[in-house]
Amino acid sequence: MLLAGSVLFIVLSLSATCNADNPGIKVRMTQDVLENGVKYLIDTMVAEISTYNLPDVNGSATIDNDEMLFELTKIQIADFKFGNVSSKFVPGIGAQISLHRGNAVINCQYDINSWLIKDSASALLTLKEISIVVILGVRRIDPGVPSLYMSDCQSITQNIDFKMFSEISYVYDSLKSHIEELLQRSTSEQLCSAVRSQVIAWDMSFSDLRMNFTLSRNIEADLSLTNDPEISEKYADMSLKGQFHEPNVTAMEYTPAPFTLPAQDSSRSCAGISEASVNSLVNAYYSSGSMNAMLFSTSRSIKLTTSELTDAVPEISKHFKSPTPVKIILYATSCPNVTLKDKNIIMDFQGLFQIHAKPAEGKSQVLLEANILAVLNGGITMSDAEKFPGLNVSASVSLNRFQILKIEPKIKEAKEPALKKGIQQIFNQMLLPKLNEKLKQGLPVPTMILKNPSSVSRQGYELVEIDLILG
C-alpha cells in the first residue's frame, strides 16, 4: 500500500492547467543541477553551431579612389569551442550562461568586384577570445509545459584574423582591415542569432514533453506545471499538479494544502510531495483494483491449518477433528487515507478480514468474517539499486491501533471478545510480517541520472533528496 506512494519521486528525472491554487508537488533544482544541465546544453549547442551556416556578408572599400565590392558566401563554421562556461540563476527570469575564451574557425568563399579587378577564392576566418553572455528565461505555457526563450544575448570577439587564399596579395593586404572590421561586427550579431536558433530548437523539444504519463498499466500521472517556475539566486522551484488517476477515468482531485520546501545549503536537488498527491496516488491504486490484488495474493500466501490457529482462535481448531487447511483473506473496503507527519506516515485502513477452511472433502467454507479498522505507521526507504543502474524504493508498516467494526462468526461456539483478540493477533503476527516481506523487496526504478536518494516524512508532505547526474 505505502509502496505505491514511493514512485512519486520519479518527477525528479522529469518537469494541464490546475484548478487548485497550491501545487501537489514541488521540485527544487540547485546550482549544481543548473551547472550540469547547462554543460549538457552547451555541449549540444556547440555541436549544432559547429555545423551552422552563417548568412552572407556584403561590403565595400575604397582603395586608391577605386570602390571595391566584396561578398563573403558559403560561410561555414568548421570548429567552435569555449574554454570557460559558467552559469547562475537570474531571479524572476531564469539563468545566465556565460561563455568565455572561445575560439572559432570559419571557412568561406569571397568575391571581389571592381572596374579593374574581379577575383574569387576561398578564405579562412579565425575568431579568438569570443565571449557570449546569454540570459535564458523559462515560463509555463499551456498545457502546463515549460517554455524556454532568450531574454538577452551579448557577444564580443576580441581578435579576428581573415586570410584570403589569393595570388593577388596587394589586393588582399588592402582589403584585410576593412573586411575584418566588418566581420567583427557581423559575427557578434550572427553568433547571437545562432544561439537564438538553438534556444528555439530547445523550446520546441520542451513543448513536446509529456507531462501526463503512465506510471503503470493502471495508473497515470498528471505532472503538468501549475504556474511559472519560481527563480531565486540559489535555486529554481517547479510547481507540479501531482494528481493521479486510472487511464481514461475522471478521478476526484485532491486539493493540496500549502507547504514550503525547507531552506537548504546542500547541493542536492529535492522534491516535496504533498499529502494530497500521496492520497491521489493511493486512490488510483485502490480504485484500479491493484491494491486489493496485492492484499489478496499476500494474505492467501500464508499457509496454515486449523490446528495452527489454536492460540489465536481456539474455537476454530476445536471445530475440526483433524488439521484442516485454512486461508486468510484480506482486502480493502474503502480507499485508505494517508496522513504525513514528521518522520512518520499514518494510514487509516478499513478492510474485510476472512478465514476460510478447505476440508479434504467438501466445499470451502467461511469460518469468520470481520470488518476491521487498522491504523498503520509506516516509512519509505530509497537506496541505489545493487543489481542494475537505478534506484530501489521499499517500505515498511507497523500496527498503531486495531479495531473490529463488525464481526460475523460462522461457528456457534465462538465468543466475540475472544474472536476480536484472535483476529488482531493474526493481523499483527501473520499478515503484517507477510506484507512487510513484500514491501521490503522494493520497487526497482531503472535510471542513469538519479543517485544517492533519501526520503523523510514532514508535516503534510514527503521530502525526497537526490543527486542528479548528467553527462
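The values are calculated or read from the model by the stated rules, or taken from the named source; none is laboratory data. Just so you know, these numbers come straight off a predicted model, no measurement behind them. Neighbour counts are summed over all protein chains in view; Cβ atoms, including those assigned to glycine, are modelled from backbone coordinates with ideal geometry. Accessible surface is based on the protein model in full, side chains and every heavy atom, while ligands, DNA and RNA are left aside. Shrake-Rupley method; radii C 1.70, N 1.55, O 1.52, S 1.80 Å.
Looking at segment 224-240, is at least one residue open to solvent by 10 Å² or more (accessible area, probe 1.4 Å), among the hydroxyl-bearing types (Ser, Thr, Tyr), closer than 21 Å to Ile42 by Cα and under 18 Å from the mean Cα position of the chain (by Cα)? Yes. Within segment 454-466, take every residue that is of a type in the set (Gly, Ala, Ser) and on the phi < 0 side of the Ramachandran plot and give me the one that is surrounded by the fewest Cβ atoms within 10 Å (Cβ to Cβ). The selected residue is Ser454.
Met45 meets the conditions (1) open to solvent by 50 Å² or more (accessible area, probe 1.4 Å); (2) within 24 Å of Ser205 (Cα to Cα); (3) of a type outside the set (Ser, Thr, Tyr) in every case but one. The failed one is (1). Residue check: is Ser398 surrounded by fewer than 18 Cβ atoms within 10 Å (Cβ to Cβ), hydroxyl-bearing (Ser, Thr, Tyr) and not in a loop (DSSP other than H, G, I, E, B)? So Ser398 fits the description; yes. Listed by first and then second residue, the pairs with beta-carbon distance under 9 Å, at least 6 apart or on different chains, first residue in segment 388-399 and hydroxyl-bearing (Ser, Thr, Tyr), second surrounded by 19 or more Cβ atoms within 10 Å (Cβ to Cβ) and in a strand (DSSP E or B), are Ser394/Ile380; Ser394/Met382; Ser396/Gly378; Ser396/Ile380; Ser398/Leu376; Ser398/Gly378. If you go through segment 401-443 and keep only what is surrounded by 13 or more Cβ atoms within 10 Å (Cβ to Cβ) and within 36 Å of the chain's Cα centre (by Cα), you end up with Leu431, Leu432, Lys434, Leu435, Asn436, Lys438, Leu439, Gly442, Leu443. If you check Lys363, Lys451, Lys387 for being closer than 30 Å to Val33 by Cα, assigned to a loop (DSSP other than H, G, I, E, B) and either open to solvent by 30 Å² or more (accessible area, probe 1.4 Å) or out of contact with any Lys or Arg (no Cβ under 9 Å at 6 or more places or on another chain) (or both), only one passes: Lys387.
Scanning segment 189-219 for residues that are of a type in the set (Ser, Thr, Tyr), closer than 17 Å to Ser147 by Cα and not in a helix (DSSP H, G or I) yields nothing. Residues that are under 49 Å from the mean Cα position of the chain (by Cα), surrounded by 19 or more Cβ atoms within 10 Å (Cβ to Cβ) and over 14 Å from Gln354 (Cβ atoms) within segment 299-312 comprise just one, Ala312.
Going through (1) buried (at least 17 other Cβ atoms within 10 Å of the Cβ); (2) within 30 Å of Ala61 (Cβ to Cβ) one by one, Glu180 falls short only on (1).
Here the condition is being open to solvent by less than 30 Å² (accessible area, probe 1.4 Å), over 37 Å from the mean Cα position of the chain (by Cα) and not β-branched (Val, Ile, Thr); of Ser186, Ser122, it holds for Ser186 alone. Regarding segment 313-326, can at least one residue be identified that is part of a strand (DSSP E or B) and either modelled with pLDDT of 85 or more or buried (at least 16 other Cβ atoms within 10 Å of the Cβ) (or both)? Yes: one or more hits.
Just one of (1) in contact with a Pro (Cβ under 7 Å, 6 or more places away or on another chain); (2) at pLDDT 90 or above fails for Phe206. It is (2).
Candidates in segment 417-438 are the residues that are touching a strand residue (DSSP E or B) at 6+ places or on another chain (Cβ under 8 Å) and at pLDDT below 90; of these, the one that is nearest to Ala332 (Cα to Cα) is Lys420.
Please enumerate the residues belonging to segment 191-215 that are farther than 18 Å from Ile97 by Cβ and surrounded by 18 or more Cβ atoms within 10 Å (Cβ to Cβ). Spell out the reasoning first.
If we filter segment 191-215 for residues that are farther than 18 Å from Ile97 by Cβ, which is where we start, we get 204, 207-215.
Correct list: Met211 only.
Return the residues of segment 125-159 that are among the aliphatic types (A, V, I, L, M) and either within 21 Å of the chain's Cα centre (by Cα) or crowded, with 19+ Cβ neighbours inside 10 Å (or both); say none if nothing qualifies. Of everything in segment 125-159, those that are among the aliphatic types (A, V, I, L, M) and either within 21 Å of the chain's Cα centre (by Cα) or crowded, with 19+ Cβ neighbours inside 10 Å (or both) turn out to be Leu125, Leu127, Ile130, Ile132, Val134, Leu136, Val138, Ile141, Val145, Leu148, Met150.
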